[in-house]
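*Asks:* Mind having a look at this structure? Questions to follow.
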Amino acid sequence: MAGTLRVSVDTGGTFTDVIGIDGVSGAVHVVKTPSDREDPSRALLTGVGKVLTLAGSDFDAVEMVVHGTTTATNAVLEHEFEGIGLLVTEGFRHLLEIARQSVPDGYGNSFFWVKPPRIVPLHLVREVPERLTYDGRVHRPLDEEAVLRAADDLVARGVTRLGVCLLHSYANPVHERRIGELLAEAHPDLFVSLSSTVLPEYREYERAMTTLLDAMVKPYCRTYLDRAHRRLRERSGDLPFLIMQSNGGVVSARAAGDKPVTMLLSGPAGGVLGAIEAARAAELRDIITLDVGGTSTDVALIEDLTVRLTNEMVIENYPVKVPMIDIATVGTGGGSLAWVGPNGALKVGPKSAGAVPGPICYGRGGDRPTVTDAAVILGRLPTALVGGDLALDVDSARAAFEEFGSNWRLSAEEAAAGVLEVAVAGQVAGIRQVSTLKGRDPGGYTLVAFGGAGPLLAAEVADFLGMRTVLVPPNPGNLSAFGLQVTDVKRDYVRTFVQLVPGAEKARAQVAGAVADVWAELEEAGRKELADEGVKAARVEVVRGADVRYVGEGYEVSITLPSGPSGAEALDAVAAAFHAEHHRVYGFSYEGRQDIEIVNLRVQAIGQLHRPAFASIPAAQGAPEAASRRPVYWRGEGRRECEVYRRDALGSGAVVQGPCVVEEYGATTVVPDDWSATVDGFGNLIMRRRSA
């Protein structure tokens, strides 16, 4: 009998969250287990085993496993750059050193800006004789002997990962592919990434950086994904093992290991998708997500329940030009360390206690105060987490904050309250990145709070921003894992095609034909790769897009086209979509006043998968009863006796008034004074501010 249990696993810096959903009964099972930094596949298998125990099943019951992870992101954030080399066209050795010759916003001038560490130092960059023209013609043949000499020299110098970025290889990959063949034969253990495969677009610096990031994370991702897949096969045969990408779609573990740069925002992408489904069930359209984990906070702005992708992401000052959900990340999470800055100011993050040793209250050897320690001594958190599996050492946390508060002559409670306030300010700054700085008033959106620490401070974040409604989904601590199950198989394809959109009818027809030919080639590649991954043709959808700009501009706006238009009508659709998107992003357009040109053509191939829905819950029977009461510290008020409710005891229609605390497995929701919380028919906890 085929399995019916779909299992998803979200590996974070502190916990690995797992959710199992039975495709027949709809039963949902959630667990959390500590992450394993040395071998993430061990925590993955442990979590899957715990879910199966809850479900009363074994591995034969598993239909598929979907996985999201921050492994690739962590490798970049921690600058694990050793052993990376680069091959470039002769004459372009200083490609990374020159970069874009620009200083990031906020520094004023270059005197105050320090260049970030180069992924590849200059002594590990090698030039190879070859040259292609901008349109892909071979101007100078590839010197294969020079390629082998360069590779031998780099390997002798300790290079284990190699990026290849040749001039104009996006127009013709022949030389890069040949280099790939030569390296596979001469150095089979070398991890190689080709820019014509990773990012076939023009702009050499961004293409080189994206390719090098792919090469950098390839050993970590491919190795542990292969290990996890092998262990899953040993227990349950050849079941599908799918990996979430940064674009909100999944691919096979093999495809993800071949191009791991697409996994950089794998975990946060699942959270955004889960938040959209929660908002859909609550009949909300415009939301801002607040995903607070152990080490960071991820936020995204969603309008009309539609995910917007960006190709202009920067991670740790390094450009990454692959399609990603537009997410901003700040270094504030439940495990973020509190510390004293050089000027004596209270600081929180970005360094984190992680899973090991973790916060002081975990009792695993941590000795520096964290956001979690602050919350527990203030009574915001219970004395045990994860359904009672993790008992908290409140006394040790309090002792640490007594010492920490002495820096400012504050009590332990006052210092802890200050830590939470600084943490909230960091999360507010992240939300402003995706809202206020882009011309959006956060007060017009609903805040969807999730992650282990998201609901803990959500109301205070909303107060800062003038937001009146907060939605806390069911199982918020595992929502990112749930989001992994409400997605489709997705593959993105791009080709640089710089072309003015002409006004003359004859010229317009010629350009339309060339554009159609490129789109058709990309669509064919997408349908073939989805077929190779087992997606039936009837469940494949293809979405066309383009990067377009006004003539004379240096950067583009990405657009998605409606299905249907062809020929000259397709160019009309490109123009109309571009003008509308330019106006949405920048507040103006030059429609009818300035010519436009296409820069890149894009195709996204989508293989539709089954999506579980939010299940309805029974109606509340009478007024909700508190499970207990405990004193909770509120800044400016001191300790105040508050009711504590169990979320699983709150039926549809139940209303609780703040100040109170709502506890559940994996997360705790704090409802301050002036707020109330109502449970809707799908188990969403909707908090509303009672006064202006």
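The values are calculated or read from the model by the stated rules, or taken from the named source; none is laboratory data. Since we're looking at a predicted model, the values are computed, not measured. Using ideal geometry, Cβ is built from the backbone for each residue, glycine included, and neighbour counts are taken over all protein chains shown. The area values use the complete protein model at the heavy-atom level, side chains included, leaving out ligands, DNA and RNA. Shrake-Rupley method; radii C 1.70, N 1.55, O 1.52, S 1.80 Å.
*Asks:* Compute, for segment 134-221, the length of the dipole vector about the Cα centre, with Cβ point charges of +1 (Lys, Arg) and -1 (Asp, Glu) only. Units Debye, rounded to 20.
*Replies:* 160 debye
*Asks:* Expressed as a rounded percentage, what relative contact order does segment 204-298 have, with Cα pairs under 8 Å and six or more residues apart?
*Replies:* Value for segment 204-298: 23 percent.
*Asks:* Angle, helix 505-532 long axis vs. longest principal axis of the chain, Cα atoms, 0 to 90°, nearest 10?
*Replies:* It works out to around 60 degrees.
*Asks:* OK, next. So, in Å, what gap is there between the alpha-carbon centers of segment 550-605 and segment 247-298?
*Replies:* So the two Cα centres are separated by 27 Å.
*Asks:* What relative contact order, as a whole-number percentage, does the chain give when Cα pairs under 8 Å and 6 or more residues apart are counted?
*Replies:* 12 percent
*Asks:* Normalised by the number of residues in segment 529-629, what is the relative contact order in percent for Cα pairs under 8 Å and 6+ residues apart?
*Replies:* Value for segment 529-629: 37 percent.
*Asks:* Can you tally the net charge around residue 122? Count Lys and Arg as +1, Asp and Glu as -1, for every other residue whose Cβ sits under 9 Å from the Cβ of residue 122.
*Replies:* Around residue 122, the charge tally is +1.
*Asks:* Let me ask something else about it. With only Lys, Arg, Asp and Glu charged, each at its Cβ (+1 for the first two, -1 for the last two), find how big the charge dipole of the chain is about the Cα centre; round to the nearest 20 debye.
*Replies:* 360 debye
*Asks:* Still on this model: In the chain, carbon and sulfur make up what percent of the accessible area (probe 1.4 Å)?
*Replies:* Reported share for carbon and sulfur atoms: 50 percent.
*Asks:* Something else: How much accessible surface area, in Å² rounded to 10, belongs to the heavy atoms of residue 590 with a 1.4 Å probe?
*Replies:* 90 Å²
*Asks:* Just reorder 420, 142, 437 by solvent-accessible area, largest first, 1.4 Å probe, all chains present.
*Replies:* 437, 142, 420
*Asks:* Can I ask one more? Would you mind getting the accessible area per residue of segment 119-269, heavy atoms of the protein chains only, 1.4 Å probe, in Å²?
*Replies:* 37 Å²
*Asks:* Using a cut-off of 12 Å between beta-carbons, work out the net charge of the residues near residue 51 (Lys and Arg +1, Asp and Glu -1, residue 51 not included).
*Replies:* Counting the neighbours of residue 51, the net charge comes to 0.
*Asks:* Quick check for me: using +1 on Lys/Arg Cβ and -1 on Asp/Glu Cβ, what's the dipole size of segment 299-383 about its Cα centre, in debye to the nearest 20?
*Replies:* It comes to approximately 340 debye.
*Asks:* Another question, then. What angle do you read, to the nearest 10 degrees and between 0 and 90, between the alpha-carbon axis of helix 454-465 and the longest principal axis of the chain?
*Replies:* The two axes meet at around 80 degrees.
*Asks:* Another one. Which of [x] 32.1; [y] 30.7; [z] 34.6 is the computed mean projected area of the Cα convex hull in nm² for the structure on display?
*Replies:* Entry [x].
*Asks:* With n ≥ 4 as the cut-off for DSSP H runs, can you work out [θ] at 222 nm for the chain, using -39500 (n - 2.57) per run divided by the number of residues, rounded to the nearest 500?
*Replies:* Here the helix-only value at 222 nm equals -10000 deg cm²/dmol.
*Asks:* How big is the accessible area of residue 205 in square angstrom, nearest 10, if you roll a 1.4 angstrom probe over the protein chains?
*Replies:* The value for residue 205 is about 30 Å².
*Asks:* Compute the signed sum of charges (Lys and Arg +1, Asp and Glu -1) over the other residues within less than 15 Å, Cβ to Cβ, of residue 60.
*Replies:* -2
*Asks:* To continue, here is another question. Could you tell me how many degrees, from 0 to 90 and to the nearest 10, lie between the Cα long axis of helix 568-586 and the main elongation axis, the longest principal axis, of the Cα atoms of the chain?
*Replies:* Long axis of 568-586 versus the principal axis of the chain: about 40 degrees.
*Asks:* Further question on the same structure: Counting pairwise Cα distances across segment 1-53, what percent come out greater than 19 angstrom?
*Replies:* Of all Cα-Cα distances in segment 1-53, 26 percent exceed 19 Å.
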